[in-house]
Amino acid sequence: MSDTPLVARAADRPLSTRIEVGNPRGPVAPFTVGGHQFVVAAGPCSVEGRDMLLETARGVRRGGAVLLRGGAFKPRTNPYAFQGLGDEALDLLAEARAECGLAIVTECLDLRHADRIGAIADMIQVGARNMQNVPLLAAIAAQGKPVLLKRGSSATIKELLGAAEYLAVHGNLQVILCERGIRTFETSTRNTLDIAAIPVLKRETHLPVFVDPSHAAGDAHYVRALARAAMAAGADGLIVEVHPSPATALSDGAQSLTLGAFDAMMQELSLLAPALGRSLPTLVAGADTRRHVA
Ligand code: PEP
Ligand code: MN
């Protein structure tokens, strides 16, 4: 690493990185990550099928999400658990984008999938388990798409920034850092949301910061409070798990919001945003529904 890492906020790099997603001529309505907009990605942990994905996509779009999340290839702790629909899920995500105008964020956990995922996704997720998988980071950086880099559950902030620097040296500075909870002695929640990581990262780096309250909490009851805290602490956005029927979800049902709970959370965040100098992008109703206004 050089004296001044590429991802560091430095005297000659005082401005925050803004990542532009979408295109007025394409299927995805444009929005900016890292500016005054508070950007929300929402969707199921795993893409389980066409109907559930489209129902979720329509619902989260109505609620104010601008990105649709959905795992195609799942890094499950248990090898016998649902591993994702793979390529079929990528096609379904593309179909949901075409219908709803949402950008797609999905995880790449194997460098052999990087080109396929890079060709379809608007943003590529690096999972917590792979934060320090250097060959994978290089293959993902090479796709030239924005990257959502999740903090490893036992990684320090310095290690997260080191992983981001790998993406940068491989030519990709369109990186969003994601705090998703770290492992501590506490067992009441799945992980412990490191709220302090948000201001620390905002000071140390010019990159945008997202929070994943779902994997931090592990329990849908706590997601809304953690989302409020994330916005108040200065995060640039959220990635949240939402499922039309959490009780029957094939992965992470306990932490997934219903569509109604997602709506309620978004309404609350839209009330909180102006007090914090933020706004939630909202879709312009009418003829051109593919445009957001701040
Ligand atoms: C996920 O987003 O579904 C996921 C597996 O997250 P993490 O890598 O943070 O555990
Ligand atoms: Mn999940």
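The values are calculated or read from the model by the stated rules, or taken from the named source; none is laboratory data. Predicted, not measured: the structure shown is a model, and the values here were computed from it. In this analysis, Cβ positions are derived from the backbone assuming ideal geometry, glycine residues included, and neighbour counts consider all displayed protein chains. SASA here: full protein model, heavy atoms, side chains in, ligands and nucleic acids out. Shrake-Rupley method; radii C 1.70, N 1.55, O 1.52, S 1.80 Å.
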Q. How would you classify the range 230-281 from its alpha-carbon gyration tensor, with a ≥ b ≥ c the square roots of the eigenvalues: rounded for a/c under 1.5, else prolate if a/b is greater than b/c, otherwise oblate?
A. prolate
Q | Total charge dipole magnitude, the range 4-152, about the Cα centre, Cβ charges on Lys, Arg, Asp, Glu only, Debye to nearest 20 | A | 500 debye
Q: State, as an integer percentage, the relative contact order of the range 178-256 based on alpha-carbon contacts under 8 Å between residues 6 or more apart.
A: 30 percent
Q.
Explain nothing, just the number: dipole magnitude of the range 142-247 about its Cα centre with +1 on each Lys and Arg Cβ and -1 on each Asp and Glu Cβ, in debye rounded to the nearest 20.
A. 60 debye
Q: Over the range 136-294, give the accessible area per residue in Å² for a 1.4 Å probe, as an integer.
A: 40 Å²
Q | Pair ALA232, THR77: separation of 7 Å Cα→Cβ label points (nm) | A | 2.9 nm
Q.
Restricted to Cα positions, what overall size does the range 166-294 have along the principal axes? Three whole-Å values, descending.
A. 51, 42, 32
Q: Rounded to whole Hz and in sequence order, give me ³J(HN,Hα) for the range 229-245 from the Karplus expression 6.51 cos²θ - 1.76 cosθ + 1.60, θ = phi - 60°, writing x for Gly and Pro.
A: 4, 4, 5, 5, 7, x, 5, 8, x, 10, 10, 10, 8, 9, 9, x, 8
Q: Please identify, among LEU193, LEU276, LEU173, the residue showing maximal mean-square fluctuation in a Gaussian network model of the chain using a 10 angstrom Cα cutoff.
A: LEU276
Q | Euclidean distance of C-alpha centroids, the range 1-54 and the range 154-210, integer Å | A | 15 Å
Q. What GluC sites (Glu not before Pro) in the range 132-186 are in a loop by DSSP, with at most 10 other Cβ atoms within 10 Å of the Cβ?
A. GLU186
Q: At a temperature of 10 °C and a viscosity of 1.306 mPa s, determine how fast the range 80-166 diffuses translationally according to Stokes-Einstein, using the Kirkwood radius over alpha-carbon pairs as Rh; express D in µm²/s, rounded to the nearest whole number.
A: 117 µm²/s
Q: Report the convex hull volume per residue for the chain, counting only C-alpha atoms, in Å³.
A: 124 Å³
(Q) Using helices alone, I'd like the mean residue ellipticity at 222 nm for the chain: each DSSP H run of four-plus residues gives -39500 (n - 2.57), total over residue count, nearest 500. (A) -10000 deg cm²/dmol
Q. Could you give me the ³J(HN,Hα) list for the range 140-148, computed from phi with Karplus coefficients 6.51, -1.76, 1.60 and θ = phi - 60°, whole Hz, x at Gly and Pro?
A. 6, 4, 5, 6, x, 10, x, 10, 9
Q: Would you work out what percent of the accessible area of the range 38-126, with all protein chains in place, is carbon or sulfur (probe 1.4 Å)?
A: 47 percent
Q: Would you look at the GNM of the chain, springs on alpha carbons closer than 10 Å, and say which of PRO135, PRO208, PRO44 moves the most?
A: PRO135
Q | Most mobile listed residue (ALA42, ALA216, ALA11) in the chain, GNM with C-alpha springs under 10 Å | A | ALA11
